[in-house]
Each structure stands twice: as C-alpha cells, then as structure tokens.
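Step one of this worksheet: look at the structure below.
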Amino acid sequence: MSKTRVLIAMGCCLCALATFSRAQGPKLPGLYEITSTMTWDKSPMPAGITLPAGMKSPFGPTTTTTQVCYTQAWIDKYGPTSSPNRDCQVTNVVTGLNSSTADLVCTGKMTGKGTVASSWTDSNHIRSKMHFAGVMGAGSSAMPVEWTMDLTSVYKGADCGSVKPLPLPAK
C-alpha cells in the first residue's frame with residue numbers, strides 16, 4: 001500500500017476531526033495552528049515486509065503541525081454533524097459546556113468507525129482525541145487499520161497572513 005494512499009486517508013480523517021473540533025468549540029474565524037500526533041495500533045504495513053537498515057516505518061508515531069485559515073463562511077457551513085469529506089461523516093454529537101463527543105463513520109478508501117472527544121478551556125485552545133478502527137483498501141488488498149490521534153488547535157488571530165483559507169468544497 002503506497003504511503004500517498006495512507007496520507008490521503010489520514011488527511012481525510014484529520015479534516016473531519018478538525019471540522020468537528022472547530023464546529024463544537026470556539027467559533028472564531030482566522031488562523032489556527034493544529035498539532036496532531038498519530039499513533040498506529042494496527043498499521044497497513046503488509047506482514048513480512050522488512051525495511052532497509054536505517055529506514056523508519058511511515059507508520060510509526062507521527063507528529064505534524066500545520067496552520068489552517070478558517071473563514072466565517074467555512075464555520076457557518078460546516079456544523080457539528082457535517083464534514084467536507086464525503087467519505088467520513090460525524091454523527092451522534094453530544095455537546096457540553098466545555099466539551100463534546102461524537103462518532104465518526106467512514107466509507108470509501110478507508111472504511112470503519114471511530115470516536116472523537118474534544119474539550120476547550122477558553123476560546124483560543126481546543127484539545128481533541130480520536131480513535132479509529134477499520135479497513136483500508138478493498139478486496140484482497142484490504143488491510144485492517146487502527147489508530148489514535150491527539151490534536152491541539154490554537155487560535156493565532158483573525159489575520160491569516162500568507163495562509164490561504166480552506167476552500168469550500170462543492171457538495
């Protein structure tokens with residue numbers, strides 16, 4: 001299974017999670033810095049593959065930090081039960097004063113179910129945790145996957161600077 005395919009699937013779920021977190025927590029448009037750490041419980045690495053000496057598995061724990069610009073239109077369009085990713089849907093949202101939980105159901109390149117929990121202590125910080133279990137691929141190339149992702153989203157300000165806003169996908 002190609003690394004690109006894995007990254008696409010991870011990106012789809014990350015986008016769904018980021019949308020869920022933003023929809024539930026503070027609703028300020030502007031620049032956010034999102035740091036995510038993904039840990040694989042079951043990676044799609046085929047059994048029996050040995051990596052060359054010195055090469056790290058692409059399925060080891062991975063931490064990524066990215067900046068995302070959310071417009072008011074994006075925030076208004078994607079409420080707590082929708083996602084811009086057609087392959088994943090956020091359902092069963094339960095929102096409290098400073099936290100929320102939901103289920104994630106994905107179909108397509110990665111099929112499975114997950115849980116999402118987010119909390120915020122103020123309007124500038126969101127912490128989220130997601131656990132997902134499912135299958136990546138189809139037919140005889142389908143491989144079981146399971147992973148946990150921890151995310152921290154920090155509001156940096158209303159001005160996105162050189163970071164382009166997320167485009168509103170056509171549905």
Open item on the list: For the pairs K42/K164; K42/K156; K77/K109; K77/K129; K109/K156; K42/K129, flag any whose C-alpha to C-alpha distance is greater than 27 Å.
Closed with: K42/K164; K42/K156; K109/K156
Open item on the list: What does the extension gain come out to for S141 and T107, with contour length at 0.36 nm per residue minus their alpha carbon separation?
Closed with: 10.7 nm
TODO: For an R0 of 25 angstrom, estimate the FRET efficiency from the Cβ-Cβ distance between V93 and D150 and round to the nearest 0.05.
DONE: 0.80
Open item on the list: I'd like to compare 140-153, 91-104: which one has the highest average count of other Cβ atoms within 10 Å, and what's the full order after that?
Closed with: 140-153, 91-104
TODO: Evaluate the distance, in nm, between pseudo-label points positioned 7 Å from the Cα of S162 and of Q67 along their respective Cα→Cβ axes.
DONE: 0.8
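Computed from the coordinates by the stated procedures, all read-outs in this text should not be read as laboratory data. Keep in mind that this is a model prediction, so the values were computed, not measured. All Cβ positions, even for glycine, are placed from backbone atoms using ideal geometry, and neighbour counts span all protein chains on display.
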